[in-house]
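> Pasting in a structure now, in structure tokens, and then I'll have a few things to ask.
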Amino acid sequence: QVQFVESGGDLVQPGGSLRLSCEASESTYSLYVMSWYRQAPGKQRELVASITSFGVTDYADSVKGRFTISRDSAKNAIWLQMNSLQPGDTAIYYCNSRDGIRRGMPPTGSWGQGTQVTVSS
């Protein structure tokens, strides 16, 4: 299974911005969909954003208009630009691959350690 390493998480004030990075252990050219997930304390992991190899994107309603997902298959990497951060965005953020962009489709790679994002004043 492909493995992922996430980075870029930090403590940020409400209204601030962060850019998360994810690097895959192998070429992402064959990974049709790359996604960001997050898991807040006491909650289930949720799908946040996805991007296909053709650049089609999908976002959870809670982040639409604030977060932007991008990818560069030549660098085996994806990013998540997060703006207008809110305390409700506090979570551990993970990336993974999927075989389709439909939200019910499960991840296909191994879970990394994630990167902690904390939004607090």
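> What is the P(r) of the chain, as percent of Cα-Cα pairs per 5 Å bin from 0?
The percentages, shortest bin first, are 2, 13, 24, 26, 20, 10, 4, 1, 0.
> Starting from the amide H of G114, placed 1.01 Å from N in the peptide plane, find each other amide H under 5 Å away whose residue is 5 or more places distant or on another chain.
E6
> Please list, in order along the stretch 97-104, the HN-Hα scalar couplings obtained from phi with the Karplus expression 6.51 cos²θ - 1.76 cosθ + 1.60 (θ = phi - 60°), rounded to whole Hz, x for Gly and Pro.
9, 9, 8, x, 8, 4, 4, x
> Still on this model: Express the relative contact order of the chain as a whole percentage, based on alpha carbon pairs under 8 Å and six or more residues apart in sequence.
Computed value for the chain: 37 percent relative contact order.
> Report the full-extension gain for the segment D10 to D72: residue separation times 0.36 nm, less the Cα-Cα distance, to one decimal in nm.
Result for the pair: 20.0 nm of gain on full extension.
> Assuming 1.002 mPa s and 20 °C, estimate D for the stretch 46-88 with Stokes-Einstein, Rh taken as the Kirkwood radius over Cα pairs, in µm²/s.
Calculated translational D: 193 µm²/s.
> Share of the chain's accessible area from carbon and sulfur, percent, 1.4 Å?
The value for the chain is 47 percent carbon and sulfur by accessible area.
> Residues of the stretch 1-89: accessible area per residue at 1.4 Å, in Å²?
Result: 53 Å² of accessible area for each residue.
> How much length would be gained if the chain were fully extended between S110 and E46, taking 0.36 nm per residue of separation minus their Cα-Cα distance, in nm to one decimal?
Net length gain for the segment: 21.5 nm.
> Please go through the stretch 57-118 and write out the trypsin sites (Lys or Arg not before Pro) that DSSP classes as loop and that have at most 16 other C-beta atoms within 10 Å.
Within the stretch 57-118, the qualifying trypsin sites (Lys or Arg not before Pro) (loop, at most 16 other Cβ atoms within 10 Å) are K64, R66, R102, R103.
> Would the stretch 13-71 count as rounded, prolate or oblate if I go by the C-alpha gyration tensor, calling it rounded below 1.5 in a/c and otherwise prolate when a/b exceeds b/c, oblate otherwise?
Prolate, because a/c is 1.5 or more and a/b exceeds b/c.
> Within 10 Å of each candidate Cβ there may be at most 12 other Cβ atoms; applying that plus a DSSP loop requirement, which chymotrypsin sites (Phe, Trp or Tyr not before Pro) in the stretch 1-95 survive?
Y29, F54
> Taking the alpha-carbon centroid of each part, what is the distance from the stretch 32-67 to the stretch 98-121 in angstrom?
Going from one Cα centre to the other spans 7 Å.
The values are calculated or read from the model by the stated rules, or taken from the named source; none is laboratory data. What you see is a predicted model, and the numbers here were worked out from it, not measured in a lab. Every residue, glycine as well, gets a Cβ built from its backbone with ideal geometry; the counts of neighbours run over all protein chains shown. Note: areas computed on protein heavy atoms with side chains; ligands, DNA, RNA excluded. Shrake-Rupley method; radii C 1.70, N 1.55, O 1.52, S 1.80 Å.
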